[in-house]
Amino acid sequence: MDQGPIDKTSSTRLHRQDGGAVIVLAPRLWWQAIRPRTLSLAAVPVLVGAALAMWQGAQLNGAVLAVTLLAALLIQAATNLLNDAEDAGRGNDGPDRLGPQRITGAGLATSHTVKRSAFLLFALALLAGVLLVLVGGWPILALGLAALLAGWAYSGGPVPLSHTPFGELFVVAFFGIAAVVGTFYLQADRVAPEAWLTGLALGLHAAAVLIMNNIRDREADTLAGRRTLAILLGRKRALLAYGVFMLLPFLVLGLALGATGVGLGWIALPYCAWLAWRAGAQQAGAAMNRQMGLTATAQLLLGGLLTLNLILVSS
């Protein structure tokens with residue numbers, strides 16, 4: 001899902017200040033740190049939620065949609081930065097890491113610097129959320145505060161959610177259901193069963209990315225004392241869960257929107273079925289990085305097609 005190792009020379013700039021060398025992280029390094037390939041997991045549910053509201057007869061408010069999208073992306077980026085800093089602090093991102101390099105664990109930034117940047121992004125998300133509260137009232141206030149708290153709790157605190165079997169549940173709840181339902185409510189000023197089910201479907205695809213990540217890291221996570229869902233289930237059953245996460249969304253969407261509502265979204269089904277089959281043939285370890293990237297692409301493909309279809313049938 002993320003890019004490869006970072007070149008320490010090209011990713012930092014040295015400036016003289018008071019006779020000492022101060023390392024200033026280059027923009028490319030920060031871009032790497034927020035894990036840009038994961039940002040679609042936050043953006044897609046927002047876009048689908050807005051398209052679903054249009055399909056239900058709502059008039060699209062472009063300004064509200066833009067602020068909603070910004071808030072979602074800021075929370076995702078902040079969560080990624082906090083995860084980078086916290087995992088390094090717990091000794092989980094050392095040189096033997098199987099996944100892409102992390103800037104704190106690689107010694108390219110201090111934990112304090114990365115955490116401070118994460119909380120800055122959380123603060124900006126809160127500011128965007130204030131604007132949304134003016135539109136949606138207390139339900140959006142409650143949802144926004146819960147999303148910020150969850151973003152922190154995923155990696156922070158004494159028992160981070162990412163260290164427990166509940167990480168996938170967190171992803172389904174906030175990168176699926178909450179994002180779609182919240183966006184739908186902001187656009188339509190109501191909630192609908194279709195929004196809840198559509199959010200569940202998109203959240204399952206996001207959870208598939210996480211469980212594949214945790215299947216890859218099972219051995220290292222076990223040594224670190226984690227109890228992720230992949231560890232709890234074991235490799236074979238975790239891969240089965242991955243297949244369910246990839247294919248169940250189509251059944252859920254069919255029930256929620258009907259064949260016409262899903263429409264172009266059905267095009268993504270063969271690709272997701274292929275990924276479910278391909279996962280079982282993957283070798284353990286770093287070879288699964290490719291599978292994670294393809295899984296994120298699957299959610300983007302389904303969400304993009306679903307958004308386009310809902311816009312077309314609502315016009």
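The values are calculated or read from the model by the stated rules, or taken from the named source; none is laboratory data. Just so it is clear, the model here is predicted, and its values are computed rather than measured. Cβ sites come from the backbone with ideal geometry, for glycine too, and all protein chains shown count toward neighbours. Heavy atoms of the whole protein, side chains included, go into the accessibility calculation; ligands, DNA and RNA do not. Shrake-Rupley method; radii C 1.70, N 1.55, O 1.52, S 1.80 Å.
Worth pointing out:
- Residue within region 183-193 that is aliphatic (A, V, I, L, M), in contact (Cβ under 8 Å) with a residue 24 or more places away in the chain, more than 21 Å from V159 (Cβ to Cβ) and open to solvent by less than 10 Å² (accessible area, probe 1.4 Å) present: yes
- Residue, nearest to F119 (Cα to Cα), within region 154-171, restricted to residues that are touching a helix residue (DSSP H, G or I) at 6+ places or on another chain (Cβ under 6 Å), open to solvent by 20 Å² or more (accessible area, probe 1.4 Å) and in contact (Cβ under 8 Å) with a residue 12 or more places away in the chain: Y154
- Contacts under 8 angstrom Cβ, first residue in region 281-297 being modelled with pLDDT under 80, partner open to solvent by less than 40 Å² (accessible area, probe 1.4 Å) and of a type in the set (G, A, S), 6 or more apart: A286/G99
- Members of region 108-153 found to be farther than 24 Å from D189 by Cα, of a type in the set (V, I, T) and touching a residue at least 24 places away in the same chain (Cβ under 8 Å), listed by number: T113, V114
- Applying the condition of being more than 12 Å from G167 (Cα to Cα) and touching a Leu at 6+ places or on another chain (Cβ under 9 Å) to region 220-238 and asking which residue is least open to solvent (accessible area, probe 1.4 Å) yields A238.
- Residue count for region 231-287, restricted to those that are among the hydrophobic types (A, V, I, L, M, F, W, C), part of a loop (DSSP other than H, G, I, E, B) and in contact with a helix residue (DSSP H, G or I) (Cβ under 8 Å, 6 or more places away or on another chain): 1.
Yes/no matrix, rows are residues, columns are (1) of a type outside the set (A, V, I, L, M); (2) in a helix (DSSP H, G or I):
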{"residue": "F122", "(1), (2)": "yes, yes"}
{"residue": "L141", "(1), (2)": "no, yes"}
{"residue": "T183", "(1), (2)": "yes, yes"}
{"residue": "V191", "(1), (2)": "no, no"}
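- Qualifying residue in region 140-152 (condition: modelled with pLDDT under 80 and either in contact with an Asp or Glu (Cβ under 6 Å, 6 or more places away or on another chain) or surrounded by fewer than 21 Cβ atoms within 10 Å (Cβ to Cβ) (or both)): no
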